[in-house]
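These notes are about the structure you will find just below.
Bear in mind that the values in this text are calculations on the coordinates, not laboratory data. All values derive from a computational prediction rather than experimental measurement. Methodologically, a virtual Cβ is constructed for each residue, glycine included, from the backbone with ideal geometry; neighbour enumeration extends over all protein chains shown.
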Amino acid sequence: MELVTIAKPYANAVFEIAQQDKSYDGWKSVLEAAASLVNNEKMQSYLDSPSVTKQDKSEAIRGLVVKITERKLDSKEDEFLSLILENSRTDALPSILALFEERANEFEDAKLFQVISAYKLTAAEEKSIATDLGEKYNTNVSIETTIDDALVGGLVIKLGDKVIDMSIKARTDELSLRLTTH
């Protein structure tokens with residue numbers, strides 16, 4: 001099996017964790033350190049040695065990654081490295097790093113919109129909103145949704161200092177203002 005095929009699910013999982021935890025830099029440094037170790041001839045000989053147990057290999061890699069990154073690994077990073085070593089997937093680490101960086105770069109090119117709704121949006125509604133915003137702004141779009149009962153209905157969409165207010169609350173406030181000024 002090709003290394004990219006093996007690496008893709010790992011890279012996607014790490015990217016999802018990094019996205020949730022907002023820990024791209026931490027994961028990138030761990031992946032870079034692990035990939036550089038795997039690319040080292042002496043380390044590769046050590047990892048290929050049948051006389052060294054998986055436990056010893058795992059401890060060595062994790063210990064060296066800690067030294068290279070100059071920080072303690074969090075539990076998810078530690079579990080990830082243990083899983084890679086347990087499944088004998090160390091050769092895939094450079095490909096995992098490359099795919100992770102590729103996903104991170106694609107995500108950074110995306111614009112993050114805040115979508116505030118009066119109710120929980122369905123996955124189809126979120127996808128539709130993201131598609132429409134992507135077409136309007138000609139970019140990759142990711143959305144972060146929150147619920148605000150005060151809106152009554154409709155949406156408020158924010159991107160930086162731009163606000164698109166399509167809520168019923170905004171419409172009633174506007175109507176109230178017009179009625180009081182005339």
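Things to note:
- Here the relative contact order of the chain, from alpha carbon pairs under 8 Å that lie six or more residues apart, stands at 21 percent.
- Counting only lysines at least 8 places from LYS127 when in the same chain, those with an alpha carbon closer than 27 Å to its own are LYS8, LYS22, LYS111, LYS136, LYS158, LYS162, LYS169.
- In whole percents, the pair-distance distribution calculated for segment 3-46 from its alpha-carbon pairs, binned every 10 Å from zero, is 26, 44, 26, 4.
- Relative to the longest principal axis of the Cα atoms of the chain, the long axis of helix 123-137 makes an angle of roughly 80 degrees.
- One chain, two ends: VAL52 and ALA98. Fully extended at 0.36 nm per residue, the span grows by 13.7 nm beyond their Cα-Cα distance.
- Model label points for ASN138 and GLU79, set 7 angstrom from Cα along the Cα-to-Cβ axis, are 4.3 nm apart.
- Mean Cβ count within 10 Å, highest first, over the residues of peptides 152-160, 117-125: 152-160, 117-125
- When each of the peptides 60-69, 134-143 is scored by how many other beta carbons lie within 10 Å of its residues on average, the order from highest to lowest is 60-69, 134-143.
- Centroid-to-centroid separation of segment 106-143 and segment 154-182 [C-alpha atoms, Å]: 20
- Summed residue charge, Cβ within 13 Å of ASN138's Cβ, Lys/Arg positive, Asp/Glu negative: -1
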